[in-house]
Amino acid sequence: MEDPELLGTVNRRCVVFSLLFPRLSRYELSQPVKRSAHKDLRPLEQPMQRNVRDILNLYNPNDPLDRAWTIPSPWYFDPAIGELEQQGVFAKSWQVAGRADQVRGKGDFFTADLAGEPLVVARGEDGQLRAFYNVCRHHAAAVVTEAQGCAKQFRCPYHGWTYGIDGALKGMVEFEGVCDFDRAKNGLVPVRVDTWENFVFVNLDGNAPPLRDFLGAIPGIVAPLQLTKKLKYFDRRVYTLNCNWKVYVDNYLDGGYHVPHAHKGLSSVIEYTKYTIENFDRACLQSSPLSSGAKSESGVAATRQGRAFYLWIYPNFMINAYEGVMDTNLVLPLGVDKCAVVFDYYFSDISKKALKKNRASIKVSEKVQEEDEAICDSVQRGLASRAYVAGRLSVRREAGEHLFHRLLHADLTHAAK
Ligand code: FES
Ligand SMILES: [Fe+2]
């Protein structure tokens, strides 16, 4: 039986949709998700595949910025798109998993999650940095359960199998008499790992180009900041937002468009009219001179000096630097309408005497983050509204978002083939 209320909703939305967005109206008309009770559904995988391609095709990556639309709203709540992103973006690209300072010494390790996969990164006794799936070869339990630490070996908490820091299987409890079991072939399964600056990257795709190729021009853009020489890790905050991860990235990439409206404090030091936006192959650099005056908020002015440097690296990593102050943001999807943003704070001086100033700087960032959270949550609700499908982009401000959407479209269409 068709649910009349459900179909009524679909039909009303179709009308509004067609009026607002004639090019895309076929999505609503053919969308099986809203008609889950419909008796004409074909076998499961068929409409699913057709549906994903239809949704992807709603976006035209060839439109220049002055004609472009944003990616359409189903990209922000359709579970099939979320799954395609996990496989076609997060499991294929170099992803920041942690910091090099977490694994400086022999035996240091940290755990991470990427595209639904539990991982562990560890520095071996030979000084080599390695990454593995954190999955026991016996019955699949997570071998390492702490977020980070230092160990001589890993012991699985389920049945006590032990692995070396280099991933090799060392010992199996009560396993005598098991035939055709080769211990040497049952180590933790390795994952590609590499570092750049203080960031540890992993890649689940064995065929992906090396990290240096992926980064392209980025090391050259970041080099003048002299991160390793000038900044030291201080603290971490993790925020959970009720929005799709792309809403957060879009918000970051709007070229300062929202700053005067949503961030009054930050706005009091940013020279908004001199804000620049520069796109690279897989990165966008936003930059602005800062100046403080009588109208600036004092806490912001004291900790946001020099020039603002906001670098986004596709798909989900950002580096935000001011003079002597930096934070990085890692945006992680936790479902179609939830994401986590990991903030790592760095300062030039992390000694005791700088503690007060550093904490004040984090406070400024927390305020900005709260303001962004409120906006992002509201955007996620709006994206699900029948009144909205896609929007246009400011030519002056939103070139970064345009780049993000085109890169994503390329990866997702490739993955959907
Ligand atoms: S699952 Fe790890 S020892 Fe059994
Ligand atoms: Fe913001």
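Every number in this text was worked out from the coordinates using simple rules, so none of it is lab data. Please read these numbers as outputs of a predicted model, since none were measured by experiment. With ideal geometry, Cβ positions are generated from the backbone for all residues, glycine too; neighbour counts draw on all protein chains shown.
Starting from a Cα-only point model with no solvent, please compute log10 I(q)/I(0) by Debye for the range 55-100 at q = 0.20, 0.25, 0.27, 0.30 1/Å.
With one equal scatterer per Cα and no solvent, log10 I(q)/I(0) is -0.79, -0.94, -0.98, -1.04.
Give the relative contact order (percent, whole number) for the chain; include only Cα pairs under 8 Å separated by 6+ residues. Mind dumping the intermediate values first?
Values: 732 pairs, mean separation 75.9, N = 417.
This gives 18 percent for the chain.
Going down the table (Lys264/Lys295; Lys338/Lys417; Lys264/Lys367; Lys92/Lys417; Lys230/Lys367; Lys232/Lys356), which pairs top 20 Å between alpha carbons?
On the way: Lys264/Lys295 11 Å; Lys338/Lys417 27 Å; Lys264/Lys367 10 Å; Lys92/Lys417 15 Å; Lys230/Lys367 25 Å; Lys232/Lys356 16 Å.
Beyond 20 Å: Lys338/Lys417; Lys230/Lys367.
For the range 313-417, compute Rg over Rh where Rg is the Cα radius of gyration and Rh is the Kirkwood radius from the inverse mean 1/r over Cα pairs.
On the way: Rg = 17.5 Å, Rh = 16.7 Å.
Expressed as Rg/Rh, it is 1.05.
For the chain, what is the calculated [θ] at 222 nm in deg cm²/dmol (nearest 500), taking -39500 (n - 2.57) for each run of four or more DSSP H residues and dividing by its residue count? Walk me through the intermediate numbers first.
Values: 13 runs with 126 residues, N = 417.
Dividing the helical sum by the residues of the chain leaves -9000 deg cm²/dmol.
If you scale each eigenvalue of the Cα gyration tensor by 5 and take the root, what three semi-axes come out for the range 95-204, rounded to whole angstrom and sorted largest first?
On the way: eigenvalues 123, 37, 28 Å².
Calculated on Cα positions only, the semi-axes equal 25, 14, 12 Å.
For the range 216-312, which trypsin sites (Lys or Arg not before Pro) are in a loop by DSSP, counting at most 16 other Cβ atoms within 10 Å? Present the calculation step by step, with values, prior to reporting the outcome.
Numbers: sites: Lys229, Lys230, Lys232, Arg236, Arg237, Lys246, Lys264, Lys274, Arg282, Lys295, Arg304, Arg307; in loops: Arg282, Lys295, Arg304.
Within the range 216-312, the qualifying trypsin sites (Lys or Arg not before Pro) (loop, at most 16 other Cβ atoms within 10 Å) are Lys295.
With +1 on each Lys and Arg Cβ and -1 on each Asp and Glu Cβ, and nothing else charged, work out how big the dipole of the range 211-343 is about its Cα centre, in Debye to the nearest 20. Could the numbers behind the result be given before it?
Details: 14 positive and 11 negative charges, 68 e Å.
For this selection, approximately 320 debye.
For the range 146-257, what log10 I(q)/I(0) values come out of the Debye formula at q = 0.10, 0.12, 0.14, 0.23 1/Å, with one point per alpha carbon and no solvent?
Relative scattering, expressed as log10 I(q)/I(0), comes to -0.58, -0.79, -0.96, -1.33.
Any idea what the alpha-carbon Rg over 2.2 N^0.38 Å comes to for the range 328-375?
Values: Rg = 13.5 Å, N = 48, 2.2 N^0.38 = 9.6 Å.
Computed over Cα atoms of the range 328-375, the ratio equals 1.41.
Note the per residue figure in Å³ for the convex hull of the C-alpha positions in the range 218-408.
Numbers: hull volume 21.9 nm³, N = 191.
So the per-residue Cα hull volume is 115 Å³.
For the chain, with only Lys/Arg (+1) and Asp/Glu (-1) charged at the beta-carbon, what is the dipole magnitude about the Cα centre, in debye rounded to 20? Please report the intermediate quantities before stating the final value.
Numbers: 52 positive and 49 negative charges, 175 e Å.
So the dipole magnitude of the chain works out to roughly 840 debye.
What is the P(r) of the chain, as percent of Cα-Cα pairs per 20 Å bin from 0?
Calculated over all Cα pairs of the chain, the distribution is 23, 51, 24, 2 percent.
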